[in-house]
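Inspection log for the structure reproduced underneath, given as structure tokens.
Computed from the coordinates by the stated procedures, all read-outs in this text should not be read as laboratory data. Bear in mind the structure is a predicted one, so any value in this text is a computation, not a measurement. Here the Cβ positions follow ideal geometry from the backbone for every residue, glycine too, while neighbour counts run over all protein chains shown.
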Protein chains: 4
Amino acid sequence: MTITTKSPPFSLRIPIRFSHCDPAGYVFFPRFFEMIQAVCEDWFTQELGLNFSEMIIQHRLGQPTAYTECQFIKPCLLGENLDMAIILDKYGTSSLHLRFIGTVAGEIRLCARSVQVVISLENGRPVRIHGDLRKRLQEYMDNVEVAIDIEPQRR
Amino acid sequence: MTITTKSPPFSLRIPIRFSHCDPAGYVFFPRFFEMIQAVCEDWFTQELGLNFSEMIIQHRLGQPTAYTECQFIKPCLLGENLDMAIILDKYGTSSLHLRFIGTVAGEIRLCARSVQVVISLENGRPVRIHGDLRKRLQEYMDNVEVAIDIEPQRR
Amino acid sequence: MTITTKSPPFSLRIPIRFSHCDPAGYVFFPRFFEMIQAVCEDWFTQELGLNFSEMIIQHRLGQPTAYTECQFIKPCLLGENLDMAIILDKYGTSSLHLRFIGTVAGEIRLCARSVQVVISLENGRPVRIHGDLRKRLQEYMDNVEVAIDIEPQRR
Amino acid sequence: MTITTKSPPFSLRIPIRFSHCDPAGYVFFPRFFEMIQAVCEDWFTQELGLNFSEMIIQHRLGQPTAYTECQFIKPCLLGENLDMAIILDKYGTSSLHLRFIGTVAGEIRLCARSVQVVISLENGRPVRIHGDLRKRLQEYMDNVEVAIDIEPQRR
């Protein structure tokens, strides 16, 4: 008998700062995409064991976003702490289908999906995800359990 | 006999600057959403006759994005000029369904859709689009012809 | 006999992210000023006991920068951790004279000075720093000892 | 008899956008440094005849800022047009001593100085400014007349 204990998704806590906010007093929506990039970086480094800066600088690999969508459910206010969770929905030869759920004290504020493609920064071509990274991605998919599950609703 | 002469959509030319670009040498994707916001501002002021800064500061109205999706078709490089065109697909009581097509010398680089909601900045509630603005929106929909028509392909 | 134990200055550790870096691969210098703002926010909230977001939103006080200078001594690279320390050199009726020293693993990367003015966001006028805040500022000046002391060299 | 007609300095008109502004409703000060970078880029390309993007991408030369100071005289508001003028105070073997004066309808809002160093992006070392660029810099210094002359006042 095997008992599998699932873990919550990798998450980055981001304090909402003055520099994120617009004249309406709320986070200016493009800043959320910077936060999505930030959680990806830490996920690569801390969860997948692939140091993000080495990946870019030494290995000359990038992970540009080919498609993204985001539903902004409730605004974020200066001083709040946004927990940005990252979920791997699937992966392909060179692509990652990611989902991001942003919550403040457990309350959903935004939900996004992104398709990223792993490319060579030398020639811009897609690079096959292989070996250890592939194994780590599969483990992440298998082991993560999402407490609040939600998808961006297309409008 | 009536001859209707349609116009190309309102467009903002944006020089790709050092501040837009990432260590891979291309525009960092969240910057495109700032550019999308920029063309909206100029469209309000120059095309719809509703001064954007007065709308925010005096009338205390905002146009937060409730949903957005973007397909990044080809990267943009430092020194290129991106033409960001804005198309109004439809509008509702308080909402604008907008589409954005970004081209460099006629070549498509990105395509986005956004749903924006006109709200009161005093209480965050949706505000009815009425009178002159409604008329201008209808005129813009009626009179614009899009040479390169494309939608973001959901992935 | 009194033994005074001085503390190191308040400091914020900032991971250097993709979004901070320019096509040259280093932090784009305006991002350092965003980091300087970030350490100020946390210093207000965590060290001075004046919640920064409440200060802006509820008390409608701001701390705009009236003057700043920065010497960029050595570039910061993607993946490094920058420790941004904040030093209070002096304070006046409404002004704060601050110094910022940015180090990576103890090595100096930048050194800045800023003069900030506490103002009312209602009318833009300077506001007298009084009571508890004044006391806390004095304590911070008295109790902080800077291991690496340096000033930006004007050029 | 020779009549020398001097020209006003090169200047970039920057519309103050939503993305520049903070919860206080004014331009967030780090954005001004992005604007300073923008006027430098256009000055290189349009005035000095050295295409900025080619300089970075093809010639692999950069112009990092080694020192900057800025006095923020009056805030800039959403919807205003900021004219950012660039003045060359002097130049050295590899360095440019620049001054920036930001005005709205002729009224001074900010004044900055920067020392930039021309470097090789391959090895980070300073590169000698020579030939055509040197000549153009001298011409710019000789031919520019500044109507409103001001320096940042150090505090």
Next item on the list: Evaluate the distance, in nm, between pseudo-label points positioned 7 Å from the Cα of B:Gln46 and of C:His97 along their respective Cα→Cβ axes.
Entry: 4.6 nm
Margin query: Name the chain D residue nearest the rotation axis between D and C, going by Cβ position, and give the distance in whole Å.
Written below: D:Glu69, 2
Item checked: Percentage relative contact order, the stretch D:78-155, counting C-alpha pairs under 8 Å, at least six apart -> 26 percent
Item checked: Copies compared at A:Arg125 - label distances in nm, ascending, label defined 7 Å from Cα in the Cβ direction -> 3.4, 6.0, 6.9
Check: Relative contact order, percent, of chain A when contacts are C-alpha pairs under 8 Å separated by at least 6 residues?
Finding: 27 percent
Checklist line | Mean-position separation - Cα centroids, the stretch A:112-155 and the stretch B:69-145, in angstrom | finding: 29 Å
Item checked: Using alpha carbons only: equivalent-ellipsoid semi-axes of the protein assembly as shown, gyration tensor based, whole Å -> 36, 32, 28
Notebook entry, point to check: Got a sec? Charge dipole of the stretch B:10-143, +1 on Cβ for Lys and Arg, -1 for Asp and Glu; which of B:Gly124, B:Asn143, B:Ala105 is way out at the positive end?
Noted result: B:Gly124
Notebook entry, point to check: Put the label 7 Å from Cα along Cα→Cβ for D:Asn81; what are its distances to the other copies, in nanometres, shortest first?
Noted result: 1.8, 4.7, 4.9
Next item on the list: For the pairs C:Lys74/D:Lys135; C:Lys74/D:Lys74; A:Lys74/B:Lys74; D:Lys6/D:Lys90; A:Lys90/B:Lys74, note any where the Cα-Cα span goes beyond 21 Å.
Entry: C:Lys74/D:Lys135; C:Lys74/D:Lys74; A:Lys74/B:Lys74; A:Lys90/B:Lys74
Margin query: Can you give me the orientation-averaged projected area of the convex hull built on the Cα atoms of chain A, in nm²?
Written below: 10.8 nm²
Note to self: Can you give the log10 of the normalised intensity I(q)/I(0) at q = 0.13, 0.17, 0.22, 0.27 Å⁻¹, computed with Debye over equal Cα scatterers of the stretch B:1-67?
What the structure shows: -0.54, -0.79, -1.00, -1.17
Item checked: For residues of B:47-56, the mean tally of beta carbons on other chains within 10 Å -> 3
Notebook entry, point to check: If you place +1 on the Cβ of every Lys and Arg and -1 on the Cβ of every Asp and Glu, how big does the dipole about the Cα centre of the stretch A:10-143 come out, in debye to the nearest 20?
Noted result: 280 debye
Notebook entry, point to check: Considering only the label points, 7 Å along Cα→Cβ from Cα, what distances in nm to one decimal separate A:Glu151 from the same position in each other copy, shortest first?
Noted result: 1.7, 6.2, 6.4
Checklist line | Selection of trypsin sites (Lys or Arg not before Pro), the stretch D:3-81, meeting DSSP coil and at most 15 other Cβ within 10 Å | finding: D:Lys6, D:Arg60
Checklist line | Longest DSSP-loop-exposure-free segment, GluC sites (Glu not before Pro), chain D, at most 13 other Cβ within 10 Å | finding: D:1-121
Checklist line | Ranked list, fewest to most other Cβ atoms within 10 Å of each Cβ, for B:Ser7, C:Ser53 | finding: B:Ser7, C:Ser53
